[in-house]
Amino acid sequence: MSAVADGSQEPMFQAWDVHKSFGHVEVLKGIDMSVARGEVVCLLGPSGSGKSTFLRCINHLEKFDRGEMWVGGDRVGYRPHGDKLKELNEREVAVRRSGIGMVFQGFNLFAHRTALENVMEGPMVVRREKRSIVERRARALLDRVGLADRVDNYPSQLSGGQQQRVAIARALAMQPDLMLFDEPTSALDPELVGDVLAVMRQLADDGMTMIVVTHELGFAREVADRVYFMDGGVVVESGPPAEVLERPREARTQAFLSKVLA
Amino acid sequence: MTSAPVTETPARPAFARDARVVLSTRHPARWAMAAVVLLVVAGGITQVIGNERFQWDVVGDYLFAQPILQGVARTLMLTAAAMAIGVGLGVVIAVLRLSPNPILSSAAWTYSWFFRGTPLLVQLLFWYFLAALYPTIGFGGASWSANELISPLTAALLGLGLNEAAYMSEIVRSGILSVPPGQAEAASAVGMRRSQVMRRVVLPQAMRVIIPPTGNETIGMLKHTALVLVIGYTELMTTASNIYSRTYQTIPLLIVAALWYLAISAVLSVGQYFIERHFGRGFSHHRVSRRASRAARKGEAVA
């Protein structure tokens, strides 16, 4: 419990010198990052900059080749082995993943389950919690994302924005310490983006620690405590959104912003 | 991008008269073809019923005779058991085939190649004559005589089941591959282990793709069980054959067998429809969950 007691000091997420290659292409060239408890961090950058890959390394959906990544005092996918790291077995990885929520660009709701069942699946299968308790919590979560009247609908009967809000509720049902968002609004029709961002903003206000890969500069400006601008597998610059987005120091950031804002 | 409202109707042309009614199109050729087909069918039916060499009275005598009914029961049992072996082993082989381990996946490939590449009849005979290759079969300390172990029933189950597993593994594999990888990713992100991802998320959705060809396989298996005639397991076909070799009423007994096969495959098709509907849930825009549709019906009743 000491981790909780001094939790305000210890960062929720920490990474240093993370490297990853796909074959001969190095997509992450030594990333450092630190996210405090309750902090919201947005990762910005052109496609191919490595930001989604980095995010997927955090809950070990991707492996990395070198570096350290800690979530709440634990390494996620590895344990020390001499002076190197060795991959954990799939059972241990699964346990550590269960404390990290993830929201995907393509929603990835379980297509054969209703909205309510989607939200209940994790706690029931992974944590083996009692159905009645899980169901009450799931209904409350769906209510919180504004879908109380959609609990019995299958994903195919929901709009993209509704599906993404169910996906957020599904991730929250595991009561995670950290939420990862991988371009959560990129696959949505423009008029549906607002609903999803509103739910995320509410979540940030409630004190959830969030790492968000996004192209929504407006969201980053209003909600993020800090933004990281990535390009070519490195962090080009980071800081409060007011600094990075309004007065970028680096030429690459300026070029990206002028293109996006044009 | 220009969306100027088009409100004005086109000007009435100078040669306009009263607008005409469109006649429905007639299809005389369709009617003629239908008449020809009906004539042929009617002719065929009268031929079959009128031809006394079909011996319909003998068919009637044997259709529900005790040995035939027992044969039907054994055919059903053999179909179910062989399909159970085929599906169970087929899932295992499909999973092995998709394994990242090259030895496992090529072993699975070789299995499919071997059992699909040799005639089922040959396989059945091989299993039946296994004792010629291995007089005794042993595990650890225990050993049994192959002649005792391999009865017509065990040979039939091995032959039909192992052959079916090769086909089922391909069906299951295509079903698993049809589930988008994001589904498994989302399940792992929630913290499910690989086996849970498979059982709870991938396989239930793969079923939608797996069920229709499996229905075909089951109906195919029903008829393939007739091949066990060659190793003398007395299911429906062997029973019919035993009777007609004694009484020489070959045609009527073949009809008895055929009628039973037809009846059972009709029942299986109906069952397939309901299983398909069950596993199709979530994939059709028209159907909502049972609870939601019940609520909707109640709502209508109230309104």
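The values are calculated or read from the model by the stated rules, or taken from the named source; none is laboratory data. As the structure is a computational prediction, the values presented were derived from the model and not from experiment. Glycine gets a Cβ as well: all are built from the backbone with ideal geometry, and neighbour counts include every protein chain shown. With ligands, DNA and RNA removed, areas are computed over all heavy atoms of the protein, side chains included. Shrake-Rupley method; radii C 1.70, N 1.55, O 1.52, S 1.80 Å.
Descriptive notes on the structure:
- Three principal axis extents describe the C-alpha atoms of chain B; from largest down they are 97, 69, 45 Å.
- Distance distribution P(r), region A:144-262, all Cα-Cα pairs, bin width 10 angstrom from 0: 12, 41, 31, 14, 3, 0 percent.
- Accessible surface buried by the A/B pair amounts to about 2700 Å², both sides summed, 1.4 Å probe.
- In a simple Cβ point-charge model (Lys, Arg +1; Asp, Glu -1; nothing else charged), region A:1-122 has a dipole of about 260 debye relative to its Cα centre.
- In this Cβ point-charge picture (+1 for Lys and Arg, -1 for Asp and Glu), region A:146-236 has a dipole of about 100 debye about its Cα centre.
- Taking amide H atoms as placed 1.01 Å from N in the peptide plane, the amide H of A:Gly45 lies under 5 Å from those of A:Met230, each 5 or more residues away in sequence or on another chain.
- Ordering A:72-80, B:18-26, B:117-125 by mean Cβ neighbour count within 10 Å, with the highest value first, yields A:72-80, B:117-125, B:18-26.
- Using alpha-carbon coordinates, inclination of helix B:28-50 to the longest axis of chain B, degrees: 30 degrees
- Across A:Ala204, A:Ala94, A:Ala111, mean-square fluctuation computed from a Gaussian network of chain A (C-alpha pairs under 10 Å connected) peaks at A:Ala111.
- Residue among A:Lys63, A:Lys84, A:Lys29 with the largest mean-square fluctuation in a Gaussian network model of chain A, springs linking Cα atoms under 10 Å: A:Lys84
- Shielding score for B:178-188, defined as the mean number of other chain Cβ atoms within 10 Å: 5
- Angle in degrees between helix B:203-224 and the longest Cα principal axis of chain B, rounded to the nearest 10: 50 degrees
- Entries of A:Lys51/A:Lys84; A:Lys63/A:Lys130; A:Lys86/A:Lys130; A:Lys29/A:Lys84 with Cα pairs more than 28 Å apart: A:Lys63/A:Lys130; A:Lys86/A:Lys130
- Whole-number percent relative contact order across chain A, with pairs defined as alpha carbons under 8 Å at least 6 apart: 25 percent
- Helical runs assigned H by DSSP (4 residues or longer) give the protein assembly as shown a calculated mean residue ellipticity at 222 nm of -17000 deg cm²/dmol, each run adding -39500 (n - 2.57) before division by the residue total.
- The mean number of Cβ atoms from other chains found within 10 Å of a Cβ in peptide A:111-118 is 6, as a whole number.
- Neighbouring Cβ atoms from other chains, within 10 Å of the Cβ of residues in A:152-159, number 5 on average.
- The Rg/Rh ratio of region A:1-130, with Rg taken over Cα atoms and Rh as the Kirkwood radius over Cα pairs, comes to 0.98.
- Folded to 0 to 90 degrees: helix B:181-190 orientation relative to chain B principal axis, Cα: 80 degrees
- Computed FRET value (nearest 0.05) for A:Val234 with A:Glu10, which takes r as the C-beta separation and R₀ as 30 Å: 0.70
- Computed log₁₀ I(q)/I(0) - Debye formula, equal Cα scatterers, no solvent, the protein assembly as shown, q 0.05 Å⁻¹: -0.37
- The ellipsoid that matches the Cα gyration tensor of region B:187-267 has semi-axes, each √(5λ) in whole angstrom, of 44, 13, 7, with the longest given first.
- Taking a straight line from the alpha carbon of A:Lys20, these aspartates and glutamates sit under 15 Å away, with near neighbours fewer than eight places off in the same chain left out: A:Asp32, A:Glu62, A:Asp65, A:Glu68, A:Glu87, A:Asp231.
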